[in-house]
1. Once you compute Rg and the Kirkwood Rh from C-alpha atoms, what is the Rg to Rh ratio for region 92-133?
2. Over region 113-225, what is the mean sequence separation of C-alpha contacts under 8 Å (at least six apart), divided by residue count, expressed as relative contact order in percent?
3. Applying 1/(1 + (r/R0)^6) with R0 = 35 Å to the Cβ-Cβ distance of E19 and V165, what FRET efficiency is obtained, to the nearest 0.05?
4. Tell me, what is the percent relative contact order of the chain, built from C-alpha pairs under 8 Å that lie six or more residues apart?
5. Please give me the summed charge of the neighbours of D108: other residues whose Cβ is under 10 Å from its Cβ, Lys and Arg +1, Asp and Glu -1.
6. Lysines within cross-link reach of K103: Cα-Cα under 22 Å, excluding same-chain residues under 8 positions apart?
7. Tell me, what ³J(HN,Hα) does each residue in region 169-182 have, in order and in whole Hz, if you take phi through Karplus 6.51 cos²θ - 1.76 cosθ + 1.60 with θ = phi - 60° and put x for Gly and Pro?
8. Tell me the net charge near S134. Cut-off is 11 Å between Cβ atoms, S134 excluded, with +1 for each Lys or Arg and -1 for each Asp or Glu.
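The values are calculated or read from the model by the stated rules, or taken from the named source; none is laboratory data. Keep in mind the model is a prediction, meaning the values are calculated, not measured. Counting neighbours? That spans all protein chains shown, and the Cβs are built from the backbone with ideal geometry, glycine included. Heavy atoms of the whole protein, side chains included, go into the accessibility calculation; ligands, DNA and RNA do not. Shrake-Rupley method; radii C 1.70, N 1.55, O 1.52, S 1.80 Å.
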Amino acid sequence: MKKYIVANWKSNKNLSEAEQWLQEATLINASKETEVIIAPPFPLLGVLHTSTLFTEKKLQLAVQTISPYPAGSYTGAVSTRNLVGLDVSYALVGHSERRVHFKESDSDVARQVEQLIEVGIAPIVCVDEPSIISQASALRESDLSKVIVAFEPLSAIGTGSRADVGLVGRVRDKIHAVFGSVPVLYGGSVDGHNAGEYLLVCEGVLVGGASLDARSFREIIDRVE
Ligand code: PGA
């Protein structure tokens, strides 16, 4: 099965910092079975899209959220139509920071998933453990098997206090019981030292802080490979 290593830059980096990261990332060279995916802030999609790492498909592009509405009169929103031509293949949806700070509800997340599936962008739906069933039940039944699921316990995000590997394995089983056999990623304080352990129990990792420095991100890819 394919492996996924996803970098979530959140709202970090400006244009020159992104260019610097790209220069330092030139040695990234994952195997064909590993999808290395970068989710930058929206304004940086253009510069990443034209860099050789992306044109040569060594890296794939993702967005960190998407409008739950189609293109139209929704000031400030970014719709799937705005992404046409940028080769965005994946989208994070329902990250806990979106749910907490921007009040995205389970039904917002479900509508985002619908928008994405309509245009063939793969949704990476972020869930936390006690809410997996309610978060999944907001989705259309037919969409459940079309997503990638990221288990991201709130207590592990940005804290250095990562989840127990055994727990991640058990939650993966629970996710499979609800969604079917979709790829499951783990996110929360993943770094080059611990990434390999998670790849033994799930299909990939979602990396925040340790993805901001190109060398530490490359270390994660090397360990996983
Ligand atoms: P972290 O963030 O790796 O900094 O804990 C992960 C995430 O929020 O996706």
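1. So for region 92-133, dividing Rg by the Kirkwood Rh gives 0.97.
2. Numbers: 180 pairs, mean separation 25.5, N = 113.
Computed over region 113-225, the figure is 23 percent.
3. E(calc), rounded to 0.05, equals 0.45.
4. Dividing the mean separation by the residue count of the chain yields 21 percent.
5. Value of the local net charge: +2.
6. Within the straight-line limit of under 22 Å, K103 reaches these lysines: K10.
7. Ordered by residue, 3J(HN,Hα) equals x, 5, 5, 4, 4, 5, 4, 5, 5, 8, 9, x, 7, 7 Hz.
8. Local charge sum for S134: -2.
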